[in-house]
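The structure appears below as C-alpha coordinates.
The values are calculated or read from the model by the stated rules, or taken from the named source; none is laboratory data. Because the structure is a prediction, the values reported are computed rather than measured. Heads up, the Cβs are rebuilt from the backbone with ideal geometry, glycines too, and the neighbour counts pull from every protein chain shown.
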(Lines give C-alpha, C1' and ligand atoms only; values in the text may rest on other atoms or scores of the structure.)
Protein backbone atom coordinates (compact mmCIF):
# COMPACT_ATOMS: atom_id res chain seq x y z
CA UNK A 1 0.00 0.00 0.00
CA UNK A 2 2.85 2.41 -0.30
CA UNK A 3 1.37 5.72 -1.42
CA UNK A 4 3.76 8.48 -2.45
CA UNK A 5 2.49 12.03 -3.00
CA UNK A 6 4.74 14.82 -4.26
CA UNK A 7 3.54 18.43 -4.38
CA UNK A 8 5.90 20.67 -6.33
CA UNK A 9 6.07 24.00 -8.10
CA UNK A 10 7.96 22.34 -10.95
CA UNK A 11 5.83 22.58 -14.09
CA UNK A 12 4.16 19.49 -15.50
CA UNK A 13 6.12 19.91 -18.73
CA UNK A 14 9.37 19.43 -16.77
CA UNK A 15 8.30 16.17 -15.12
CA UNK A 16 9.85 13.26 -17.06
CA UNK A 17 7.23 10.92 -18.53
CA UNK A 18 8.72 7.95 -16.70
CA UNK A 19 9.06 9.65 -13.30
CA UNK A 20 6.08 7.85 -11.73
CA UNK A 21 7.26 4.50 -13.07
CA UNK A 22 10.79 5.12 -11.78
CA UNK A 23 9.47 6.14 -8.36
CA UNK A 24 7.24 3.05 -8.30
CA UNK A 25 10.26 0.84 -8.95
CA UNK A 26 12.25 2.58 -6.22
CA UNK A 27 9.41 2.21 -3.70
CA UNK A 28 9.01 -1.45 -4.64
CA UNK A 29 12.72 -1.98 -3.96
CA UNK A 30 12.62 -0.05 -0.66
CA UNK A 31 9.43 -1.56 0.77
CA UNK A 32 9.44 -5.04 -0.70
CA UNK A 33 5.79 -4.52 -1.69
CA UNK A 34 4.54 -5.59 -5.14
CA UNK A 35 4.15 -2.87 -7.75
CA UNK A 36 0.40 -3.46 -8.04
CA UNK A 37 -0.06 -1.99 -4.53
CA UNK A 38 2.15 1.09 -5.02
CA UNK A 39 0.56 4.44 -5.86
CA UNK A 40 2.55 7.49 -6.97
CA UNK A 41 0.84 10.87 -7.27
CA UNK A 42 2.74 13.91 -8.56
CA UNK A 43 0.99 17.25 -8.21
CA UNK A 44 2.96 19.77 -10.35
CA UNK A 45 2.50 23.49 -11.00
CA UNK A 46 1.73 24.34 -7.38
CA UNK A 47 1.87 27.88 -6.04
CA UNK A 48 4.39 27.31 -3.28
CA UNK A 49 7.50 28.68 -1.66
CA UNK A 50 10.23 27.21 0.51
CA UNK A 51 12.29 29.50 2.68
CA UNK A 52 10.50 32.50 1.18
CA UNK A 53 11.61 31.66 -2.38
CA UNK A 54 9.59 30.27 -5.29
CA UNK A 55 12.62 28.44 -6.71
CA UNK A 56 11.92 24.73 -7.36
CA UNK A 57 10.74 23.03 -4.18
CA UNK A 58 8.65 20.08 -3.06
CA UNK A 59 6.69 18.55 -0.20
CA UNK A 60 6.44 14.76 -0.23
CA UNK A 61 4.73 12.11 1.86
CA UNK A 62 5.17 8.34 1.78
CA UNK A 63 2.45 6.39 3.52
CA UNK A 64 3.07 2.70 4.15
CA UNK A 65 1.70 -0.15 6.21
CA UNK A 66 4.59 -1.03 8.47
CA UNK A 67 7.87 0.70 9.06
CA UNK A 68 10.60 0.99 6.47
CA UNK A 69 13.65 -1.19 7.06
CA UNK A 70 16.06 1.72 6.94
CA UNK A 71 14.45 5.19 6.89
CA UNK A 72 17.82 6.93 6.46
CA UNK A 73 18.52 5.07 3.23
CA UNK A 74 14.92 5.58 2.07
CA UNK A 75 15.20 9.34 2.64
CA UNK A 76 18.50 9.44 0.78
CA UNK A 77 17.20 7.51 -2.25
CA UNK A 78 13.98 9.51 -2.59
CA UNK A 79 15.78 12.85 -2.20
CA UNK A 80 18.34 11.74 -4.82
CA UNK A 81 15.66 10.78 -7.31
CA UNK A 82 13.70 14.02 -6.89
CA UNK A 83 16.89 16.07 -7.16
CA UNK A 84 18.23 14.25 -10.24
CA UNK A 85 14.93 13.90 -12.11
CA UNK A 86 13.10 17.13 -11.17
CA UNK A 87 16.00 19.46 -10.30
CA UNK A 88 14.62 20.14 -6.82
CA UNK A 89 17.56 20.66 -4.45
CA UNK A 90 17.48 18.45 -1.36
CA UNK A 91 17.49 21.52 0.88
CA UNK A 92 14.25 22.71 -0.75
CA UNK A 93 12.13 19.67 0.03
CA UNK A 94 10.50 18.06 3.03
CA UNK A 95 9.75 14.34 3.05
CA UNK A 96 7.65 12.68 5.71
CA UNK A 97 7.01 8.98 6.27
CA UNK A 98 3.68 7.79 7.67
CA UNK A 99 3.43 4.34 9.23
CA UNK A 100 -0.23 3.42 8.79
CA UNK A 101 -2.10 0.70 10.66
CA UNK A 102 -3.54 -1.90 8.23
CA UNK A 103 -7.07 -1.50 9.62
CA UNK A 104 -6.97 2.20 8.67
CA UNK A 105 -6.13 1.65 4.99
CA UNK A 106 -8.68 0.33 2.53
CA UNK A 107 -8.23 -1.34 -0.85
CA UNK A 108 -10.72 -3.06 -3.12
CA UNK A 109 -13.63 -2.25 -0.82
CA UNK A 110 -12.15 -3.41 2.49
CA UNK A 111 -9.36 -2.62 4.96
CA UNK A 112 -6.07 -4.51 4.80
CA UNK A 113 -6.76 -5.97 8.29
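Which residue pairs have Cβ atoms closer than 7 Å, lie 6 or more positions apart in sequence or on different chains, and pair a first residue in the stretch 1-25 that is without any contact (Cβ under 8 Å) to a residue 40 or more places away in the chain with a second residue that is assigned to a strand (DSSP E or B) and buried (at least 17 other Cβ atoms within 10 Å of the Cβ)?
Listed by first residue and then by second, the contacts come to 20/40; 20/42; 24/40.
Starting from the stretch 70-96, keep only residues that are free of Cβ contacts under 8 Å to residues at least 12 places away in the same chain, then list their pairs with residues that are surrounded by fewer than 16 Cβ atoms within 10 Å (Cβ to Cβ) and part of a helix (DSSP H, G or I) whose Cβ atoms are within a distance under 6 Å, requiring at least 6 positions of separation or different chains.
Final answer for the pair search is 83/90.
Could you check how many residues of the stretch 28-48 are closer than 19 Å to residue 88 by Cα and touching a helix residue (DSSP H, G or I) at 6+ places or on another chain (Cβ under 9 Å)?
Residues meeting the conditions: 5.
Does residue 38 fit the bill of being closer than 14 Å to residue 86 by Cα and modelled with pLDDT of 95 or more?
Criteria not met by residue 38.
Applying the selection to the stretch 74-100, what residues are within 14 Å of the chain's Cα centre (by Cα), farther than 15 Å from residue 4 by Cβ and either surrounded by 15 or more Cβ atoms within 10 Å (Cβ to Cβ) or at pLDDT below 95 (or both)?
Result: 83, single match.
List every residue pair whose Cβ atoms lie under 9 Å apart, where the two residues are 6 or more positions apart in sequence or sit on different chains, the first residue falls within the stretch 36-60 and is at positive phi, and the second residue, located anywhere, is surrounded by 12 or more Cβ atoms within 10 Å (Cβ to Cβ).
45/8; 45/9; 45/10; 51/57; 51/92
Quick one: in the stretch 101-111, of everything that is in a loop (DSSP other than H, G, I, E, B) and farther than 20 Å from residue 28 by Cβ, which residue is nearest to the chain's Cα centre (by Cα)?
101
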